[in-house]
Amino acid sequence: MKFLFDFGPIILFFVIYKTYGLYPAIYAMIASTFAQLMYTRLTTGKFQNSHLMTFGLLVVFGGVTLVLRDPAFVMWKVSVLYVAFALALIGSMWVGKKTLIERMLGKELKLPRATWEKLTWFWGLGFIGIAIVNAYFVRTALSTRDALFDHSTLDPKSELGNIDCASSAVEMLCLAAQQSEETWVDFKLFGTLGLTLGLILITVITLSKHIKEKDSKD
C-alpha cells in the first residue's frame, strides 16, 4: 500500500495527461504531491525526506515548465530526482553509522554491514539506471519536438496534444513529436514503476536467501 501511495502522484499525472494534456497534469501532480506530503505529516507526525525532495524538485522544475511552457524541465526532473536518491543512498555509507537502507529496514532485519552496503550499491546504481533510461526518452521527446517547431510556424509554447496533426503541413513531424512525448509519459509511470518493482523483487530474493542461510547456521 505504501508503494502505491508513493506512486500516487505519478498515476494521477498519467491520468490527467491522457485526459487534459501535459500542463494540467503538472498542476495535478504538484497538488497531489503536496497532499501526500501533508498527509504523511499528519499521520506520522513528521515529513518524509523523500517526499520533501520530490516536492521541492517538482515545484522548481514543474514551475519553470509552466511559466516558460517548455516541458524539458519537468521531463529532466525525473532523472535529477533519481540521481539525487542514488547519491543520498551511496553517500549514507560514509555518513553516520548506518546506511539509509539499514535505517529504514534495520528494525525488522539484522544483517551484516557488508550486506547493507551491497544493498545500498544495488539500489543506488539501480536508481542511476532509471535516470539514464529516462534521459533517453527525454532526449527523444525533445528532439522530435524541436524538429516539429523548427520546421513549422507553430507556436513552440503550444500543448502538443492540442495540435491537430492532420491539418498541419508537417503532419509526420507532428505525429512523431506527440508519440515521443506520450512514450515518455508512459515510461514515467509504467517504466519507473516496473523497474522499481524489479529492484524490490531482487532485494526480497536476496534478503530471503540471506535469512535462510542464517537460519541454517543457527
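The values are calculated or read from the model by the stated rules, or taken from the named source; none is laboratory data. This structure is a prediction, so every number in the text was calculated from the model and none was measured. We place every Cβ from the backbone using ideal geometry, glycine too, and count neighbours over all the protein chains shown.
Structure above, values below:
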{"item": "Members of the range 140-179 found to be closer than 14 Å to M75 by Cα and surrounded by fewer than 15 Cβ atoms within 10 Å (Cβ to Cβ), listed by number", "result": "S143"}
{"item": "Residue that is in a loop (DSSP other than H, G, I, E, B), touching a residue at least 24 places away in the same chain (Cβ under 8 Å) and surrounded by fewer than 20 Cβ atoms within 10 Å (Cβ to Cβ), where the choices are L125, L109", "result": "L109"}
{"item": "Number of the condition not met by G129 [criteria: (1) over 23 Å from Y23 (Cα atoms); (2) in contact with a His (Cβ under 7 Å, 6 or more places away or on another chain)]", "result": "(2)"}
{"item": "Unique residue being in a helix (DSSP H, G or I), over 24 Å from T206 (Cα atoms) and among the β-branched types (V, I, T) when the list is T183, T153, T196, T115", "result": "T183"}
{"item": "Options L12, L58, L89, L22; residue that is among the aliphatic types (A, V, I, L, M), in contact (Cβ under 8 Å) with a residue 60 or more places away in the chain, out of contact with any strand residue (DSSP E or B) (no Cβ under 6 Å at 6 or more places or on another chain) and surrounded by 14 or more Cβ atoms within 10 Å (Cβ to Cβ)", "result": "L22"}
{"item": "Top-ranked residue of the range 180-197 - restricted to ones that are surrounded by 15 or more Cβ atoms within 10 Å (Cβ to Cβ) and under 30 Å from S152 (Cα atoms), ranked as modelled with the lowest pLDDT", "result": "K188"}
{"item": "Test: F190 is in a helix (DSSP H, G or I), free of Cβ contacts under 8 Å to residues at least 24 places away in the same chain and of a type in the set (F, W, Y)", "result": "yes"}
{"item": "The range 198-218 - residue that is modelled with pLDDT of 85 or more and within 16 Å of L111 (Cα to Cα) and, of those, farthest from the chain's Cα centre (by Cα)", "result": "I205"}
{"item": "Out of T40, T33, sole residue that is of a type in the set (S, T, N, Q) and either farther than 16 Å from K188 by Cα or outside any helix (DSSP H, G or I) (or both)", "result": "T40"}
{"item": "Which numbered condition D146 misses (of (1) assigned to a helix (DSSP H, G or I); (2) among the charged types (D, E, K, R); (3) touching a residue at least 60 places away in the same chain (Cβ under 8 Å); (4) over 16 Å from Y17 (Cβ atoms))", "result": "(3)"}
